Amino acid sequence: MPGATVPGDRNRPGSLAHATDVQPPVKVVNLMTYQPGHGVVEREDVAALRAKLLEEAHEVQAAPDGKLASELASELADVLEVLHALAAVHDMCWEEVVSEASRKRAERGGFDHRIFLEYVDQAR
């Protein structure tokens, strides 16, 4: 079932199959894509992680509120895992990300008061 949460270890896909008796589809991504005449054009792992981040964010959006808060927590944990991986492939330690988030929160504020900027006018 696409998007379903199953027990197991992401680094050992066989554990997912053992835990659920279902063989999940897995893909091992290349670190880089080479195109003749263009050289290395994109790291496939970064592209895959960015796509995975969007997938997990959509699962957060679709998670029910209320009684099934544990499902939302599970989906948020998946987003966090992808964020950690993205930071790592860009040679950033997690503390750098947290520090930047703290700096931006101090500068711009957070979402504590439920105030959302709708857009930024880029006209010059």
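We did not get these values from a lab; they are worked out from the coordinates using the rules stated. No experiment lies behind these values; they were computed from the predicted model shown. Virtual Cβ from ideal backbone geometry, glycine too; neighbours counted across all protein chains shown.
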Practice task
Sort 83-94, 112-123 for me by packing, meaning the mean count of neighbouring Cβ atoms within 10 Å per residue, highest on top.
Solution key: 83-94, 112-123
Fill in the blank from the handout: Here FRET efficiency (C-beta to C-beta, A123 to H90, R₀ 22 Å, nearest 0.05) is 0.10
Completion exercise
In whole µm²/s, the translational diffusion coefficient that Stokes-Einstein assigns to the stretch 57-124, given a Kirkwood hydrodynamic radius over C-alpha pairs, 25 °C and 0.890 mPa s, equals 168
